[in-house]
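The values are calculated or read from the model by the stated rules, or taken from the named source; none is laboratory data. Values in this document were obtained by computation on a predicted structure and should not be read as measured data. Here Cβ is always computed from backbone atoms with ideal geometry, including for glycine, and neighbour counts include all displayed protein chains.
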Amino acid sequence: MKFLPMILPLFLIAGCVDMTAETSLVEENQLSFPAPPAAAAGLPVSVDQIATLDIANVVDELQTHGELHLVVSQNSLQGDISFLNHIELDLTSPGFPDLVLVDTDVSSSSTNNNFPLLVSGDQMLPMLAANPCGLYFTITGTIPTDGASLVSTLVLNVSEEVRSL
Amino acid sequence: MSMKKIFVAFSVASALSSPTAAFAREDSPDQLRLGPTFDLATPSGAAFGVGAELPFMHFLKWNVSATYLLSPGIKGGVLIDPIRFPVAPVLDLDIGYQSTFSIPGMNNSPSTSFSYEDVRAGLAFGRRDFVRLFVLGGETHLDGNASNLTGTFTLPAGVSVSNAHFSGWAPSVKLGISVLF
């Protein structure tokens with residue numbers, strides 16, 4: 001019966017759940033920046049555009065199962081960004097102070113259209129879980145005379161840990 | 001399963017393990033034994049397969065089974081049954097694969113598939129080299145993917161969700177029988 005002490009620990013751990021699930025939420029927004037006034041044609045100007053990021057119900061539903069972690073793996077702008085000198089992106093949500101996600105200069109020769117965030121995904125999580133959020137884009141540059149159209153892509157890698165004893 | 005059915009099953013196993021049973025035979029250590037196996041377990045579902053004891057290693061019961069849990073799967077493993085006694089502790093190790101299935105009755109259900117490794121301990125009843133009933137509990141390590149999650153959440157326009165990957169440990173139980181000839 002020396003075998004029994006070997007199997008007893010297995011009975012003790014039976015009932016433990018320790019699972020991790022990972023998925024990605026991809027949010028795409030079409031951003032249309034209007035043409036500058038004729039007086040400002042050819043001059044650097046700042047224009048803004050707001051998009052909605054409404055994943056509160058998804059985050060809320062996932063949080064009922066376990067502990068959530070969020071990592072932003074991509075924050076990019078598709079389209080011709082050669083006119084850009086500067087970009088700022090803020091996350092806004094009622095009841096929370098605005099969170100500056102991106103505040104960076106853009107070189108005219110830059111081909112990199114991915115803008116790493118200044119904050120972690122977990123810092124964004126309480127805002128995303130509470131309400132629909134606003135993504136407030138402010139771009140500075142010599143806007144083309146017919147305006148600019150860009151596509152914003154935000155990829156949120158969500159991992160969830162479910163543990164119970 | 002009712003208590004009465006469980007009692008009948010254990011009585012049959014005990015009768016078959018008796019030296020006076022009609023199926024009594026001489027146990028030879030150099031004999032290869034083969035026979036059918038059946039079990040109900042998590043996460044594999046129902047499994048029907050073939051079991052074997054190799055010569056001089058009758059404390060190891062190898063098995064390969066076809067499984068079914070909303071869709072087909074396969075598993076194989078070994079049951080360590082070291083004590084030749086009508087009631088004995090056993091250790092069970094399984095690995096398997098569950099093919100893709102959807103949740104019945106759910107509109108636009110996500111699909112999932114996974115592989116798993118089970119470690120369970122428990123008790124065996126009956127004659128070790130003939131008919132054995134097993135009652136086992138332990139843990140299973142799952143590793144799988146889930147697709148078609150769009151229907152699981154209410155997503156606003158412009159937001160999509162990719163396939164999910166999951167892995168980790170969960171409880172596992174198994175009730176099985178093996179017959180060796």
Of the residues that make up the stretch A:9-31, is at least one at pLDDT 90 or above, within 27 Å of A:Thr145 (Cβ to Cβ), more than 12 Å from chain B (Cβ to nearest Cβ) and not in a loop (DSSP other than H, G, I, E, B)? no
Among A:Asp105, A:Asp98, which is within 17 Å of the chain's Cα centre (by Cα) and surrounded by fewer than 13 Cβ atoms within 10 Å (Cβ to Cβ)? A:Asp98
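Restricting attention to strands (runs of 3 or more DSSP E) lying wholly within the stretch B:43-156, give those where 1 or more residues are among the β-branched types (Val, Ile, Thr), more than 14 Å from every other protein chain (Cβ to nearest Cβ) and closer than 20 Å to B:Gly168 by Cβ. Explain how you work it out, then say what you get.
Values: elements: B:45-54, B:57-68, B:72-80, B:87-102, B:111-126, B:131-147.
Result: B:87-102.
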Looking at the stretch B:132-154, I want the residues that are without any contact (Cβ under 8 Å) to a residue 24 or more places away in the chain and have a partner that is not aliphatic (A, V, I, L, M) with Cβ atoms under 7 Å, at least 6 apart or on another chain. Which pairs are those? B:Phe153/A:Glu61; B:Thr154/A:Asn57
Residue list for the stretch A:50-72, filter: acidic (Asp, Glu) and part of a helix (DSSP H, G or I): A:Asp60, A:Glu61
